[in-house]
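Working notes, beginning with the structure itself.
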Amino acid sequence: MPTEEHASTLWRVSSFDELHERSMQGSDRPTILSSTLMAELASLERRSEESDALEVLAACVRLQEPALVYLRFAELVWPMTVFPAQMIYHSPRPLTEAPERSLGRVTAMSVEPPNVRPPGHPMSDRVAADEQYYSLAPALWRLALHGPRGKLLQEIGGTAAYRVLRNPRVDDLPLPGALTPAADRLRREAASLKQIAEWPGMSAERGARLLNALYLGSNLMVSRSAAAARPEPKRGLFAWLGR
């Protein structure tokens with residue numbers, strides 16, 4: 001879980017309701033989310049994935065909709081206001097400081113309209129200090145690789161082939177272990193998740209995490225009609241036995 005230093009700037013789950021209500025008092029921020037984002041969140045709820053942090057953030061990025069997402073790390077609440085159009089987020093602490101072991105259990109508690117505006121906004125009354133804004137790409141990348149979701153995001157799942165658009169190293173994003181040769185190979189050829197899972201050092205879960213990370217970084221081409229397109233591997237008893 002996040003360290004004690006983090007705890008001084010984040011909220012305890014036990015105090016969340018009281019602190020959240022206090023933060024809402026006197027706020028002039030929007031009171032509702034956009035209809036398109038609300039529809040996406042309703043779809044996640046129907047699939048029982050409303051607490052899936054990666055899917056929630058992916059919906060914001062896909063729709064280019066700013067939102068305040070409350071993430072839960074064990075007993076701490078981490079408020080994260082995302083601005084996908086600017087690819088930045090506002091938070092008391094950068095999400096990249098969260099230990100990897102805590103990312104595996106992170107969940108989305110709530111999604112609300114943003115309570116701050118991005119830097120450079122013409123209405124500067126709710127623009128926070130510069131040092132409280134961080135690059136969104138590294139946070140999404142880290143959550144995709146180490147978070148609880150080990151399967152493809154709904155948007156890129158199904159029958160498909162995938163291709164990397166540019167070298168992830170250009171974006172200074174880490175590719176541990178077998179992910180480096182896998183990403184390099186996807187720059188040269190399109191492949192399905194089933195094929196990727198069979199590459200040296202890879203598996204269906206590792207492949208899904210890599211593809212999710214690339215997608216959230218706008219670095220993935222998804223083709224439904226390419227010759228290499230195949231249904232994603234089935235997840236179940238036999239899949240787990242074969243890992």
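Residues that are over 17 Å from residue 117 (Cα atoms) and modelled with pLDDT under 95: which strands (runs of 3 or more DSSP E) entirely in region 1-98 hold 2 or more of them?
67-73, 76-83
In region 99-109, how many residues are under 17 Å from residue 50 (Cβ atoms) and outside any loop (DSSP other than H, G, I, E, B)?
Residues that pass the stated criteria total 3.
Out of the residues in region 96-120 meeting the condition of being polar (S, T, N, Q) and under 14 Å from the mean Cα position of the chain (by Cα), tell me which one is nearest to residue 83 (Cα to Cα).
Selected residue: 96.
From the list 186, 210, 140, 214, pick out the single residue that is assigned by TED's automatic domain parsing to the domain that holds residue 103, assigned to a helix (DSSP H, G or I) and at pLDDT 95 or above.
Every option except 140 fails the conditions.
Tell me the residue from 180, 159 that is within 21 Å of residue 55 (Cα to Cα), among the polar types (S, T, N, Q) and outside the structural domain of residue 95 (by TED's automatic domain parsing), please.
159
Does region 113-134 hold any residues that are farther than 14 Å from residue 57 by Cβ and either surrounded by 14 or more Cβ atoms within 10 Å (Cβ to Cβ) or not assigned by TED's automatic domain parsing to the domain that holds residue 35 (or both), and which are they?
Selection gives 113, 115, 116, 117, 118, 119, 126, 127, 128, 132, 133.
The conditions are (1) touching a helix residue (DSSP H, G or I) at 6+ places or on another chain (Cβ under 9 Å); (2) free of Cβ contacts under 8 Å to residues at least 12 places away in the same chain, and residue 188 fails exactly one of them. Which is it?
For residue 188, the failing item is (1).
Among the residues of region 34-53, write down those that are touching a Leu at 6+ places or on another chain (Cβ under 6 Å) and of a type outside the set (S, T, N, Q).
37, 50, 53
Going through region 147-172 one residue at a time, which ones are modelled with pLDDT of 90 or more, assigned to a loop (DSSP other than H, G, I, E, B) and not charged (D, E, K, R)?
Hits for region 147-172 are 147, 148, 150, 152, 153, 157, 158, 159, 165.
Only one of (1) in contact (Cβ under 8 Å) with a residue 24 or more places away in the chain; (2) over 25 Å from residue 169 (Cα atoms); (3) buried (at least 16 other Cβ atoms within 10 Å of the Cβ) is not met by residue 147, so which one is it?
Answer for residue 147: the failing condition is (2).
The values are calculated or read from the model by the stated rules, or taken from the named source; none is laboratory data. On a predicted model such as this, the values are computed, not experimentally measured, just so you know. As a convention, Cβ positions derive from the backbone with ideal geometry for all residues, glycine included, and neighbour counts pool all protein chains shown.
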